[in-house]
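Worksheet: the structure to be examined is printed underneath.
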Amino acid sequence: MTTTTTTTKPVASREAFGNALEALGREFPHLVVLDADLSKSTMSMKFAKAYPARFLEMGIQEANMLGTAAGLALCGKIPFCCSFACFISGRFDQIKMSVAYSGAAVRIIGTHAGVGIGEDGYSQQGLEDLGLMRSLPGMLVLQPGDDVETEQMIRVLMTHRSPAYVRLTRQKLPRVHRDGYRFEPGKLDVLARHGTDALLLCTGGTVGPAVDAAARLAQGGGPRVTVGNVHTIKPIDADGIAALARECKRVITVEDHNVVGGMGSAVVEALAERHLVPVKRLGVQDVFGESGTPEELYRRHHLDAEGIADDVRDWLTRR
Amino acid sequence: MTTPTVADITQRKPPAWSLPPLDTPGSRAIPVDTLRRFADECRLDIVEMLCRAGSGHPGGSFSAINLTTTLFLDEMRHRPHEPRWPERDRLVLSKGHAVPSLYAPLAQLGYLRRDELWTLRRLGSRLQGHPANMLCPGIEASTGSLGQGLSVAQGMALAGLMDGKGKDPAFRVYCITGDGELQEGQVWEAAMSAPRHKVHNLTVIMDCNGGQIDGLVKDVLDLEPLADKWKAFNWHVLTIDGHDFVQFRAALQAARAETTRPTAIIARTTKGHGASLFEKDLVGWHGKTPTRDEANQVIAEILGRLG
């Protein structure tokens, strides 16, 4: 089974999110959406237009928005709380106390994740959010790889009764899933099996480039890898990943996030405790982000298909 | 040193409170004498549980107890036998360190077994050092990092409006903050937000006891003019003596009559109110617990009052 990126028009996961919310508004009368002056960017605006009575414009007050969403959740509402990943995860204490430790089923949406946002620079590039959210007991941490997965994820969250964080991209993502794909929370999604020279794990913005990189490597006679999409960063599918890691002997992770605390860290933690295989973490190497075009930044951090392919080849050869 | 010998307070049987049903709309016109006695019974349990725990916050618990007593007995609609009754009024204690001022009335009303009070702050107890709603019945939100409760209360109040009929909310929401706590920026985010969202079923009660850890509030970071600040944020503002049951009841009635704005009640209180030992050193008794002798001294004073 080999999936490559299809020719369908790429869609940003924030856009798929906005569409999904709007579509679910009728079915779920308790759905309430909150935004902090970014509804045009997070795409919650679509829901706001369709269901104005259930949209709360909170102004530029992320802390107050999170607390308000917690109160709504504790009284039976289904709140989606939207902002940029950097701003919303920056209100960590509110997420920790008012959401997580209160058991408030707030669905926290962090858009514009990673260096993939481009020119705005480091202050707007959520690069630590996965690490923060992962540290909270009971927090479900998700990151979809394309529009199909995003829409299914949002639907699953409607009936999920505990706190969740979803990390979305500004940039458009190529579709990697076929029609009929079923998102299963907590289960590794194998996207391609070119071979078992290594297991290449990706998430969010790096899913498309990783799938491409794997295809290039296979075509170029390079290492033949299996590609896994880690859409659920917490709870990480330790069993699923370990099983494939045993087969492949080497694991490489790639993400648009600081390698400290992100998906790669979660994978390392899971595998190290089973004393399995060597792991290489690709991603933002514990440096600040910067301004540039998204393409330039993906190039710089080796998050594009070429960079990933090079790094995979180098690391596997060097060992 | 004069150490009055007092009976073990844990063996004291609390009065059988003959209260009307508590799930009817307030005010329930509970006699002031009942409120006063209930608050003092709670004070006895608070000083005992803090003495046994060996850590905790007596000053702010004593200053808030007349407020929580009035809310639970006279004002809020709730069902002690059904803590999660969906239509209940909600109380969020934003000044989480004063949580004994919730545990004691919750025990008197039957939410908790009274002997569970003596497990406060012990390993495995539902009675955490600061409120934990996932563990303890009657606690609506986890707090303890100051400044967050009013936002949560606002969200609850919004849910109450969404589930209500017309201008009638499905339930009302109360939030007790400290005064030192008002130094937190998030409080003012919520202060700006609630009138914008017209959450008239939300009442914030500021337990202004004047003290905080590093000193008096007016010296550490003064809040005045406090009423003017809330008025400027478009709240319905009332200032009362926070130990006067009649004044507090009237303020809550006025809050209920509001149909457009949230209400802010500035309750002027004394830290440690009801125990002369605590009142002598407002700042000192913020986060220090009494020794056995000191506790007995406080207990004797309260028992003397109860007669």
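Could you tell me how many degrees, from 0 to 90 and to the nearest 10, lie between the Cα long axis of helix A:305-318 and the main elongation axis, the longest principal axis, of the Cα atoms of chain A?
That works out to roughly 50 degrees.
Do any of B:95/B:288; A:77/B:198; A:96/B:95 go past 23 Å between their Cα atoms, and which?
Cα-Cα > 23 Å for no pair; all within.
Which whole-Hz ³J(HN,Hα) couplings does the stretch B:242-255 yield from phi under the Karplus relation 6.51 cos²θ - 1.76 cosθ + 1.60, θ = phi - 60°, glycine and proline marked x?
Per-residue couplings from phi come out as x, 9, 8, 4, 5, 5, 5, 4, 5, 5, 5, 4, 5, 5 Hz.
Given bins 10 angstrom wide, list per bin the percent of all Cα-Cα distances in the stretch A:104-236, short to long.
Percent of Cα pairs in each bin: 12, 40, 34, 13, 1, 0.
Please list the radius of gyration and Dmax for the protein assembly as shown, considering alpha-carbon atoms only, with Å as the unit.
Looking at the protein assembly as shown, its Cα Rg and Dmax stand at 27.7, 93 Å.
Residue A:314 accessible area, nearest 10 Å², 1.4 Å probe?
80 Å²
Among A:150, A:312, B:145, which residue has its Cα positioned farthest towards the positive end of the charge dipole of the protein assembly as shown, with +1 placed on the Cβ of Lys and Arg, -1 on the Cβ of Asp and Glu, and the dipole taken about the Cα centre?
Farthest towards the positive pole: A:150.
Top mean-square fluctuation among A:123, A:44, A:265, Gaussian network model of chain A, C-alpha springs under 10 Å?
Of A:123, A:44, A:265, the most mobile in the Gaussian network model is A:123.
Just to confirm the number: angle between the C-alpha axis of helix A:147-158 and the first principal axis of chain A, 0 to 90 degrees, nearest 10?
In chain A, helix A:147-158 runs at an angle near 50 degrees to the longest axis.
For the stretch A:11-173, what does the alpha-carbon gyration tensor say about shape, rounded, prolate or oblate, given a ≥ b ≥ c as the root eigenvalues, a/c under 1.5 as rounded, and a/b over b/c as prolate?
Values: a/c = 1.36, a/b = 1.08, b/c = 1.26.
Judged from the Cα gyration tensor, the stretch A:11-173 comes out rounded (a/c under 1.5).
Based solely on its DSSP helices, what 222 nm [θ] is calculated for the protein assembly as shown when runs of n ≥ 4 H residues each add -39,500 (n - 2.57) and the sum is averaged over all residues, nearest 500 deg cm²/dmol?
Calculated mean residue ellipticity at 222 nm is -11000 deg cm²/dmol.
Select from B:35, B:47, B:216 the residue farthest towards the positive end of the dipole of the stretch B:32-306; place +1 on Cβ of Lys and Arg, -1 on Cβ of Asp and Glu, and compute about the Cα centre.
Sorting the options by dipole projection puts first B:35.
With point charges of +1 on the Cβ of Lys and Arg and -1 on the Cβ of Asp and Glu, referenced to the Cα centre of the stretch A:11-173, which listed residue (A:116, A:132, A:34) lies farthest in the positive direction of the dipole?
So the residue we want is A:34.
Which shape class, rounded, prolate or oblate, goes with the stretch A:189-318 when its Cα gyration tensor gives a ≥ b ≥ c as root eigenvalues, a/c under 1.5 marks rounded, and past that a/b bigger than b/c marks prolate?
Oblate.
Note down the magnitude of the dipole of the stretch B:180-243 about its Cα centre, charges +1 on Lys and Arg C-beta and -1 on Asp and Glu C-beta and zero elsewhere, to the nearest 20 debye.
440 debye
Using a/c under 1.5 as the rounded threshold, could you call chain A rounded, prolate or oblate? The axes a ≥ b ≥ c are square roots of the C-alpha gyration tensor eigenvalues, and prolate needs a/b larger than b/c, oblate otherwise.
Verdict is prolate for chain A.
Would you tell me the accessible area of residue A:30, worked out with a 1.4 angstrom probe on the heavy atoms of the protein chains, in Å² to the nearest 10?
80 Å²
Tell me, what is the Rg over Rh of the stretch B:32-306, with Rh the Kirkwood radius over Cα pairs?
Values: Rg = 17.4 Å, Rh = 18.4 Å.
Ratio value, two decimals: 0.94.
How far is helix B:100-109 tilted off the main Cα axis of chain B, in degrees rounded to 10, range 0 to 90?
Here the helix axis deviates by roughly 90 degrees.
The values are calculated or read from the model by the stated rules, or taken from the named source; none is laboratory data. Since we're looking at a predicted model, the values are computed, not measured. Quick reminder, even Gly has a Cβ in these numbers, built from the backbone with ideal geometry, and neighbours come from all protein chains shown. The accessibility values were calculated without ligands, DNA or RNA, using every heavy atom of the protein model including side chains. Shrake-Rupley method; radii C 1.70, N 1.55, O 1.52, S 1.80 Å.
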